[in-house]
Amino acid sequence: MPLSVAHGPTAGLIYLGSVAIGLLGNLTLRTGVLSFVPWAAAFATYPAFLSYGGWGGVGTDEAPQPAMVLLAALLGVGVHLLTALWGLVADHEDGWTYLPLRLGLRLGAARLLALTALYLGLVTVAIGFVGTTSGLGTG
C-alpha cells in the first residue's frame with residue numbers, strides 16, 4: 001500500500017480500487033458464472049496505475065489507451081482461467097459453477113490449459129503491439 005501511494009495519489013487510489021474490486025469479487029462472485037468479472041476489472045486498472053504512476057512515481061498524468069485497458073482486462077480473464085485450473089476437481093465437488101469449471105467440464109482440463117496458453121500468448125502479443133505503436137497513455 002505505501003508503495004502504491006509513493007507513485008502519486010491518483011495511482012494510489014487506482015491501486016486501492018483494484019484491491020477493493022478483488023476483495024468484493026472474492027466475497028461475491030468467486031463461485032459463480034461471473035467469476036471472471038473481478039479479474040477483468042482489476043487487471044483493467046493496471047494500465048491506469050502505470051500511466052498515472054509511471055516508473056518511480058513519475059507518471060504522465062494522462063489516461064491510458066482504451067485499447068490497453070481492454071487488453072489488460074482480457075489478460076485478467078486469461079489469468080483467471082490459468083490460476084483456476086489446479087482446483088477444478090475440488091471446486092466441482094463443492095458445487096461451484098464458475099467460468100473455468102464450466103469450460104473445463106466441456107473441453108477437458110488439458111485442452112483448457114492449451115487454449116488458455118494460446119489465448120494468453122495472443123493477448124500478450126497484442127499488448128506488446130499496442131504498447132509499441134500507441135504507447136500506454138493517450139497523449
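The values are calculated or read from the model by the stated rules, or taken from the named source; none is laboratory data. These figures come from a predicted structure and were not determined experimentally. Neighbour counts are summed over all protein chains in view; Cβ atoms, including those assigned to glycine, are modelled from backbone coordinates with ideal geometry. The accessibility values were calculated without ligands, DNA or RNA, using every heavy atom of the protein model including side chains. Shrake-Rupley method; radii C 1.70, N 1.55, O 1.52, S 1.80 Å.
If only residues of region 98-113 that are closer than 15 Å to residue 37 by Cβ and in contact with a His (Cβ under 8 Å, 6 or more places away or on another chain) are counted, the one that is surrounded by the fewest Cβ atoms within 10 Å (Cβ to Cβ) is 99. Of the residues contained in region 75-84, one or more are found to be small (Gly, Ala, Ser), in a helix (DSSP H, G or I) and under 14 Å from residue 43 (Cα atoms). Tell me whether region 22-30 contains one or more residues that are surrounded by fewer than 21 Cβ atoms within 10 Å (Cβ to Cβ), among the hydroxyl-bearing types (Ser, Thr, Tyr) and in a helix (DSSP H, G or I). For region 22-30, residues surrounded by fewer than 21 Cβ atoms within 10 Å (Cβ to Cβ), among the hydroxyl-bearing types (Ser, Thr, Tyr) and in a helix (DSSP H, G or I): present.
Of all residues in region 57-106, exactly one satisfies the criterion of being at pLDDT 90 or above and acidic (Asp, Glu), namely 93. Scanning region 118-137 for residues that are open to solvent by less than 60 Å² (accessible area, probe 1.4 Å) and part of a helix (DSSP H, G or I) returns 120, 121, 123, 126, 127, 128, 130, 131.
Residues checked against (1) surrounded by fewer than 19 Cβ atoms within 10 Å (Cβ to Cβ); (2) out of contact with any strand residue (DSSP E or B) (no Cβ under 6 Å at 6 or more places or on another chain); (3) farther than 30 Å from residue 118 by Cβ:
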residue: 35; (1), (2), (3): no, yes, no
residue: 49; (1), (2), (3): no, yes, no
residue: 53; (1), (2), (3): no, yes, yes
residue: 61; (1), (2), (3): yes, yes, yes
residue: 76; (1), (2), (3): no, yes, no
residue: 95; (1), (2), (3): yes, yes, no
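For region 1-18, name all the residues that are open to solvent by less than 50 Å² (accessible area, probe 1.4 Å), among the polar types (S, T, N, Q) and within 14 Å of residue 47 (Cβ to Cβ). Result: 18, single match.
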